[in-house]
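Structure record follows, encoded as structure tokens.
Computed from the coordinates by the stated procedures, all read-outs in this text should not be read as laboratory data. Please read all numbers here as calculations on a predicted model, not as lab measurements. Reconstructed Cβ throughout: ideal geometry from the backbone, glycine too, with neighbour counts over all protein chains shown.
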Amino acid sequence: MTLAEDRPGVVRTLHPVHTAGLGESVDDRPPPTDADLPGAAVSRPVPDDPFAKAWAADQLMAAHFPPPRWAVPGLIPEGLSILAGAPKAGKSWLSLNLALGVAAGTRVLGEIDVDPGPVLYLALEDTPRRLQNRMGKILGDQPAPPDLTLLTEFPTLPAGGADAIHGWLTQHPTARLVVIDVFAKLRGATPHGMNPYDADYAAMGRAKRLADHHGVAVVLVHHLRKMGADDFTAELSGTNGVAGAADTIMALKRPRGEADGVLHITGRDVDEAERALRFDPAHGSWSLLGGPAVDHTVGATRATVLAYVRANPGVTPKDISDGTGEDRERIRRTCTRMADDGQLRRTAHGHYYPPEPLTPTDPLPGVPGVPMSQTPT
């Protein structure tokens, strides 16, 4: 691994395929190729000394690496990200909100400050008229940012698209974000004879090399399968090669007909989290909601129960019914279902607590001296 300087005062790690000419600038190097993709049918010479770029542990620990640049702090770092969702969940509206905010340097999702920079947005399922209409809703009386470049048609990555994006990023060295909506339109055909996992990993690898080479965030808008899973990353359409190649994975889930949704986030440089969001169709805008995500994704009765349990941890269904005036049997059934869904915690004695876990040594309210870890659930 070699360190090279491609921006004044910024040193970052380059992919080994781009370290041949150490005296060259990044802009002088040829665009990334498919030669080093897993499963690619391209032969390449074996290096004379495969240990030439090895690190000694003490040298690696003493090396200085700059922190990743963030397109959206806490949400989208540089590298390859996936933004997935079911059809009509609002992922295209969300990606357009992000693109406009980063290009203009305005607050994103109602509360996240971003540094401005050029953005490339490939809206491959839209028409120029639809894009104009959507941007008009989001912008309102604000001017459109000139640093946002939009296209509704583009060649696939293996058919010249990767070279074209590389050229645009070279011409815009301060670019912060590239959005590809949707990735299926740009990935290209699967090479003959390649198994599905290698094909997915290879397709993702083309986009990842662009992100890593230019130190920019590339977001691929993708689909979720209809079948749910305990781990949201397993719901991504395609094989595990899709999730395996991504640096950050975001899954937007919003029940049909409801304004509130949850953005599930995990990745190499981001903290795993669930962020509650609200969609405003009149303005085409997504905004973050405060508090735990579960507070915004439950029905009316469940919300009543959750609010009461938060204020009075350790209560029984009878206590909740008496305190809220709700039907006792409905409250009892609701509490049972919420516990089964992980929205409440239940002890063996039928007492209910908020979903947030206590530390193992915190005593249960009403059960002096009994740690949570020793109480059956």
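Between ASP327 and ALA184, the FRET efficiency from the beta-carbon distance, with R0 = 35 Å, is close to 0.15. Straight-distance candidates among the lysines for linking to LYS185, with alpha-carbon spacing under 28 Å and chain neighbours fewer than 8 residues away dropped: LYS88, LYS91, LYS137, LYS208, LYS226, LYS253.
For LEU236, the residues 5 or more places off, or on other chains, whose built amide H falls under 5 Å of its own are ARG225.
Counted by neighbouring Cβ atoms within 10 Å, the residues ASP147, ASP340, ASP247 run from fewest to most as ASP340, ASP147, ASP247. Here the gap between ASP340 and HIS192, fully extended at 0.36 nm per residue and compared with their Cα-Cα distance, gives a gain of 48.6 nm. Residues whose amide H falls under 5 Å from that of ALA84, counting only those 5 or more places apart or on a different chain, are HIS222, MET250, ALA251, LEU252, with hydrogens built in the peptide plane. Exposure proxy shown here: for ASP231, ASP319, ASP115, ASP126, the number of other Cβ atoms within 10 Å sets the order, fewest to most, as ASP231, ASP115, ASP319, ASP126. Sorted fewest first by neighbouring Cβ atoms within 10 angstrom, ARG302, ARG310 come out as ARG310, ARG302. For region 70-296, what relative contact order do you get, as a whole percent, if you take Cα pairs closer than 8 Å and at least 6 residues apart? Relative CO of region 70-296 lands at 27 percent. The distance between label points at THR152 and LYS318 comes to 6.5 nm (points 7 Å beyond Cα on the Cα→Cβ vector).
Once the chain from PHE65 to ALA311 is taken as fully extended at 0.36 nm per residue, the excess over their C-alpha distance is 84.0 nm.
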